[in-house]
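Some notes on the structure that comes next.
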Amino acid sequence: MSVKTLKIDGKDVAAEEGTMLLQAAQDAGIQIPTLCFLAGLTPAAACRMCLVEVEGSHKLLPACVTEVAEGMVVQTHTPKLQGFRRMNVELLFAEGNHVCAVCVANGNCELQDLAIALGMDHSRFPYRFPDRHVDISHDQFGIDHNRCVLCTRCVRVCDEIEGAHVWDVAQRGEHCFIVSGLHQPWGEVDACTSCGKCVDACPTGAIFRKGSTIGEKERDRAKLEFLVTAREKHQWTR
Amino acid sequence: MPALSPQAPPDRLTQHPSSPQDSATCDRHYKTLDTTLKRNHYQPDALIEVLHKAQESFGYLEDEVLLYIARQLKQPLSRVYGVASFYHLFSLKPSGIHNCVVCLGTACYVKGARQILDRLELELAIKVGETTSDGQISLLSARCLGACGLAPAAVFDGEVGGKLTAEDALARLQALTIND
Ligand code: SF4
Ligand code: SF4
Ligand code: FES
Ligand code: FES
């Protein structure tokens, strides 16, 4: 395995060939904002939060799916990038119905965290107020599509780690939504094992445990990491 | 077209809905579907082709058919639904006896296709993707029919009409239902 040397934010970094920029930066102590990325799952590159500037490329590249290359010069936090990130979060807020004050994930939400980190206090875009529904047919969990940012983490965790593939993305464009089974109520999808991995994977309050109220959502992210390590490396660390 | 944004899902997935068609026709449709499945060796990557065939024979993709396809290809239900609902060409609801596809491709759009569609929606009292309550006409839209020289264009029961005005389009629709 050959090693590539590159520069991230002026720092010299060495990373194994095939490593993604996101990982290489993290190993060098540089945190690039992400939303759809979840360690252990196939990257979807759906959210574009992690876009970085690479010298010689006129396009911004998503760090979660861009491999390191010899001599690469990368900028991760320029004002331009931060501006785009902020706009990205504003668009996400305007697209769905994110009412933090009544959300189970208030104070424990990756979308909210991003907004705070980027200094976003309001959205410059008109809110769409889409007509979305809540499905509480499952006896333990619920999904509130109003809070969904379509990161597809639930789709991937259920498919790749649990193996049940309960979820997928239905429709296209602005009408996209996360669907269970053949557009059945979640509680009627036989494939669901009620493992709760999608609750842990969801960055917002869209998928939650029933009975939890405002600000009460907890996630056991470490459990997902434990399962991924066990699966990939045959090491049981818990 | 199927439900837009996440609408409330159907009450339950009827495993054996009473089919609008009689069972003999239905059996024949399933036979056609089986032939396509077999020809593709039940490969998951044949999903789109199989959906095409199903849409062609059944007219639309009802839950029961999607379920059958998912089982035959051994694919997750949500993936099959995801693919079927992604493409404009597939319809998850029964379509009308007649259909009208208005092109909203760039050339047609520039030539006023949107206004034609608005007018048709108004006159038929349905939105694009829907079927009139009497089951007569389904109104659809497409992105470029490949007849840009005829812009604005629309297809009435498979027949292309070009250089249309809203009045032309309405007249063509009326002609369709009168010739029954
Ligand atoms: S609870 Fe587990 S099996 Fe059910 S949808 Fe969530 S991840 Fe999939
Ligand atoms: S439900 Fe949650 S995990 Fe799934 S796509 Fe929406 S925000 Fe992402
Ligand atoms: S984290 Fe890279 S695109 Fe979402
Ligand atoms: S844009 Fe309508 S036919 Fe090409």
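Annotations for the structure displayed:
- Residue check, A:Val149 at negative phi and within 16 Å of ligand 3 (Cβ to nearest atom): yes
- Every residue from segment A:188-211 that is open to solvent by 30 Å² or more (accessible area, probe 1.4 Å) and more than 10 Å from chain B (Cβ to nearest Cβ): A:Cys192, A:Thr193, A:Ser194, A:Cys195, A:Arg209, A:Lys210, A:Gly211
- The lone exception for A:Gln171 - which of (1) polar (S, T, N, Q); (2) in contact with a Gly (Cβ under 9 Å, 6 or more places away or on another chain); (3) in contact (Cβ under 8 Å) with a residue 40 or more places away in the chain it fails: (3)
- Within segment A:220-238, residues that are open to solvent by 50 Å² or more (accessible area, probe 1.4 Å) reach partners that are of a type in the set (Phe, Trp, Tyr) with beta carbons closer than 8 Å, at six or more positions or on different chains, in the pairs A:Trp236/A:Phe226; A:Thr237/A:Phe226; A:Arg238/A:Phe226.
- Qualifying residue in segment A:126-145 (condition: under 16 Å from the mean Cα position of the chain (by Cα), touching a residue at least 40 places away in the same chain (Cβ under 8 Å), away from ligand 1 (no atom under 14 Å from the Cβ) and in a helix (DSSP H, G or I)): yes
- Residue ID - modelled with the lowest pLDDT, chosen from residues in segment A:35-82 that are within 13 Å of the chain's Cα centre (by Cα) and open to solvent by 40 Å² or more (accessible area, probe 1.4 Å): A:Ala39
- Count of segment B:30-71 residues which are within 14 Å of the chain's Cα centre (by Cα) and at positive phi: 1
The values are calculated or read from the model by the stated rules, or taken from the named source; none is laboratory data. Remember, it's a predicted structure, so these values are computed and weren't measured experimentally. Counting neighbours? That spans all protein chains shown, and the Cβs are built from the backbone with ideal geometry, glycine included. Heads up: the accessible areas ignore ligands, DNA and RNA and are worked out on the full protein's heavy atoms, side chains in. Shrake-Rupley method; radii C 1.70, N 1.55, O 1.52, S 1.80 Å.
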